[in-house]
1. Yes or no: residue A:115 modelled with pLDDT of 90 or more and either part of a loop (DSSP other than H, G, I, E, B) or closer than 30 Å to residue B:131 by Cβ (or both)?
2. Based on what the data block shows, is residue A:268 under 23 Å from the mean Cα position of the chain (by Cα), charged (D, E, K, R) and either modelled with pLDDT under 90 or surrounded by fewer than 23 Cβ atoms within 10 Å (Cβ to Cβ) (or both)?
3. What do you reckon, is residue B:177 outside any loop (DSSP other than H, G, I, E, B), more than 10 Å from every other protein chain (Cβ to nearest Cβ) and in contact with a Phe, Trp or Tyr (Cβ under 8 Å, 6 or more places away or on another chain)?
4. On the given criteria, is residue B:278 among the acidic types (Asp, Glu) and either at pLDDT 90 or above or within 28 Å of residue B:78 (Cα to Cα) (or both)?
5. Can you tell me which residue within region B:196-224, out of those that are small (Gly, Ala, Ser) and either within 13 Å of another protein chain (Cβ to nearest Cβ) or within 16 Å of residue B:104 (Cβ to Cβ) (or both), is surrounded by the most Cβ atoms within 10 Å (Cβ to Cβ)?
6. Can you tell which of B:126, B:165, B:145 is within 12 Å of chain A (Cβ to nearest Cβ), surrounded by fewer than 19 Cβ atoms within 10 Å (Cβ to Cβ) and charged (D, E, K, R)?
7. Run down B:105, B:95, B:65 and say which single residue is buried (at least 16 other Cβ atoms within 10 Å of the Cβ) and out of contact with any strand residue (DSSP E or B) (no Cβ under 8 Å at 6 or more places or on another chain).
8. If you go through region B:111-121, how many residues are of a type outside the set (Val, Ile, Thr), part of a helix (DSSP H, G or I) and within 9 Å of another protein chain (Cβ to nearest Cβ)?
Amino acid sequence: MLRYIVGRLLAAVPIFALVGIFIFSLVHLMPGDPAVLLAGDNANPKQVEKIRERLHLDQPVIVQFGIWAGNALQLDLGDSVYSNQPVTKLIAQRIEPTMMLAVVTLVITVLIAVPLGVIAAWRANGLADRLIMAFAVLGFSLPVFVIGYLLVYVFAVRLKWFPVQGYKPLEDGVLATLHSLTLPSVALALVFAALIARVTRASMLEALNENYTRTARAKGLGTFRILVVHALKSAGVPVITVIGIGFATLVGGVVVTESVFNIPGIGRLTVDAITRRDYPVVQGVILFFSALLILINLLVDLSYALFDPRVKG
Amino acid sequence: MTAVSPHIDTGQNVLTVSNLSLEFSNSAGVVRALDDVSFAVRKGEILSLVGESGCGKSVTAMSIMGLLPRHGARIVSGSVRLGEQELLGASERTMRRVRGDRIGMIFQDPMTSLNPVHTIGMQIAEVVRQHRGLSGAAARARALEMLELVRIPDARNRLGAYPHELSGGMRQRVMIAMALACDPELLIADEPTTALDVTVQAQVLDLIADLRQNLGMSVIFITHDLGVVSSTADRMMVMYAGRIVEEAPVEKLFARPSHGYTAGLLQSLPGTQTRHRDVLAEIPGSVPRLDKVVEGCAYAPRCSFATGACLDPLPPPRRIEPEHSARCIHSETVFETIRNTDIVRAWA
């Protein structure tokens, strides 16, 4: 088990290095002089020269990369061109809303999707199955922002149950945070749940057709035990994989959702940085998202061992 | 060779199947999978069901267990009684209490019949927890006891093992331990040795025979392998196209085969040929499609003894001798023709 974990961790190192090279190249692959680009439209040659020195742009590329990577490893991603604040600090300030949104969405999704997928597989081709799959197609076909505005109109504007937009930080109390996150989370969860319900159903159908399910029935076990203890646990690996992949998509979807619901998270930071051509921040945000995705993949890989004892080593 | 093994109580039927007929339907049409199947399993006996794939052996087992597919299978008529209790048409709740508790079942493929993501200890223990309401520790103790009963070496340390860590023979032992954990009256073994190596086959057969003796249970042993039957079973039933075509104690059936199909099966055993010693005899043709109701003998088109009369509606089983019956109008001819083969002489 320990060997498996260490192996997975080591496998993440080269991926991370590649991502680093890619992000570093981003600035250098852009047409024009990065220094001019960073200095902005109204800079004079002196300012450009200053920036060039400050960013070590007069050094060979390989040295520049070494300096950049060394700083990045110490969590120094440079300063924002726009606000002059350290990029790391800017990201740190925005992590809470984004992470809360993602986690709440994930929890809602799993609570909706997995039971629905199990029921659909159990009653395959029956009425419940058809209804659930129809819901899945619907959820899958609607863009997040459509669902978002629809939810806002019904539950915020009309019924006034939830705020139209905005985010209450955790320091205002967990309930306030959850209240402010309900609509955006549900909007994101509906799309995500459609995918996971489908995969759960497919994976469960396969497990229910396995000989060991016949054995479980021949043992006189109850339906719940057969479905959850025997079939769902074996069906877990594909489901957890899609939850992981879905979570990656979710983090991408956060950009849209945060705009619709005006949540000051990393998604908003990204949009703002791009419109302001604030490249150090864009670099930092991409690095952050990449690190997050690598971490999620790692967790998914490690969770395989929990579901399937044959995954070891 | 004694007529009846000492552990059989001829006066007591554990299971009685009467006039069981069953149809499968799908978009292609209706198939009669079982046609008027009747038999009884006595207390303590090993009854073997023999026939080719698709003859209705496994379907018979699954209808006893109430595990036929929810859609498509339809019981046309008949009754399955466990002791005095009618199982056909019983509620799912009732059947759940029968399965695993009063009837245990093991399957052909031990590689896939155990759940790969749970330990074998858990998989055995959950049966007794389900039916006996035992606590975790007591169920675990019972699981250990069962592993020792099926002679798994180092049983205590194997409780925590996963199926993929065991060999095929060991897994089938685990299946047996699981099926017998609640002391069932009846064990249904559906081709339990088919997927195993020959040496392991013999061990598993011995184990089942020993356990039958020690625990006093009855066994329905489904196989297509006559060699396995001859060494293990007390009585055998030959099935063809959803019907029982011949039924007798094993030694009587081998000594006096009285149905064209049984004769064909015996002649295709290795080492039984009288003339072409190097060539295995085979039965020409293949199992018929069951989507047309056959009034006469379903085996007639493949049978070397068949005459025009075989296509007339099938008469009831003929009594050949006590405990021995066959549904063949040419049973004497069959026996006269085959009586000088090695295999029949060996048993006569």
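1. Yes: the conditions hold for residue A:115.
2. In short, yes.
3. No: the conditions fail for residue B:177.
4. Details: among the acidic types (Asp, Glu): yes; either at pLDDT 90 or above or within 28 Å of residue B:78 (Cα to Cα) (or both): no.
The answer is no for residue B:278.
5. B:218
6. After applying the criteria, what remains is B:165.
7. B:95
8. 2
The values are calculated or read from the model by the stated rules, or taken from the named source; none is laboratory data. Note that the structure is predicted; figures quoted are calculated from it, not measured. Counting neighbours? That spans all protein chains shown, and the Cβs are built from the backbone with ideal geometry, glycine included.
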